[in-house]
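Q: Below you'll find the structure I mean.
Throughout, read-outs are computed from the coordinates displayed, never taken from laboratory work. The model shown is predicted, which means the values in this text are computed figures rather than measured ones. A quick note on method: Cβ atoms are made from the backbone with ideal geometry, for glycine too, and the neighbour counts reach across all protein chains shown.
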Amino acid sequence: MTEKTLVLIKPDAVERNLIGRILVEYERNDLKVLDMKLMKASIDLAEKHYAEHNGKPFFNRLVTYLTRSPIVALVLEGENAISRVRALNGTTDPETSKDNTIRALYGLSLSENTVHASDSKESAGRERSIWFAKNYS
Ligand code: CMP
C-alpha cells in the first residue's frame, strides 16, 4: 500500500550538516520526497506537533529543543512508508537503536534523536497538515 508520512530532520542534525546523509537513507530505500522545507519551527507549531506529550515531564524540553534552530520538514511517499521510515529511523533512544539505523548512526540522546517520523496513518495525516498547508490527497 502506498503511503505518505511526515518526517522532521531535527535541530541536532541540521546543526551538524547531516541533512544530505539522512536524505540518502530515505531515497536509497525508494522513498520519494514529495515536499520539503527548511524552517525554524515556532513554539506554536512545536506544541501542536507534540500535543500528545503535553503534560509529560519532558514536554517543555522537547519544545525548546525543536525550536532552537532550523529543522527540515519532509513528506515522503512509498510502499508502507510509515513503518519503513520508522524502521530506517530506529527506536527513540539512539543508545539502543539497531545498528545502521539513522538514530544509531547520528542520534545524540533520547531528546536529541535526529529525526522524527509519524507513527500511524492518523498521525501522518495530522502531522502533514501541521507542517504543510497543502493537501496531498
Ligand atoms: P519523536 O519521535 O520526535 O517523538 C516524541 C519525542 O519525545 C521522541 O522523539 C523523543 O525525542 C522524546 N522523548 C520520548 N521519551 C522521552 C524521555 N523520556 N525524555 C526525553 N525525551 C523523550
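Q: Which percent of Cα pairs goes in each bin when the distances of the chain are cut into 5 angstrom slices starting at zero?
A: Taking all Cα pairs of the chain, the binned fractions are 2, 11, 21, 25, 24, 13, 4, 0 percent.
Q: With θ taken as phi - 60° and the coefficients 6.51, -1.76 and 1.60, list the Karplus ³J(HN,Hα) couplings across region 102-114 in order, rounded to whole Hz; mark glycine and proline as x.
A: 3J(HN,Hα) across region 102-114, in whole Hz: 4, 6, 5, 6, 10, x, 9, 6, 4, 7, 9, 10, 6.
Q: Looking at the chain, how many pairs of lysines come closer than 22 Å at the Cα, when each pair is eight or more places apart or spans two chains?
A: Lysine pairs meeting both conditions in the chain amount to 24.
Q: How about region 30-137: which trypsin sites (Lys or Arg not before Pro) there are in a DSSP loop, with at most 13 other Cβ atoms within 10 Å of their Cβ? Provide the component values of the computation, followed by the final result.
A: Details: sites: Lys32, Lys37, Lys40, Lys48, Arg61, Arg68, Arg84, Arg86, Lys98, Arg103, Lys121, Arg126, Arg128, Lys134; in loops: Lys40, Arg68, Lys98, Lys134.
Of the trypsin sites (Lys or Arg not before Pro), the ones in loops of region 30-137 whose Cβ has at most 13 other Cβ atoms within 10 Å are Lys40, Lys98, Lys134.
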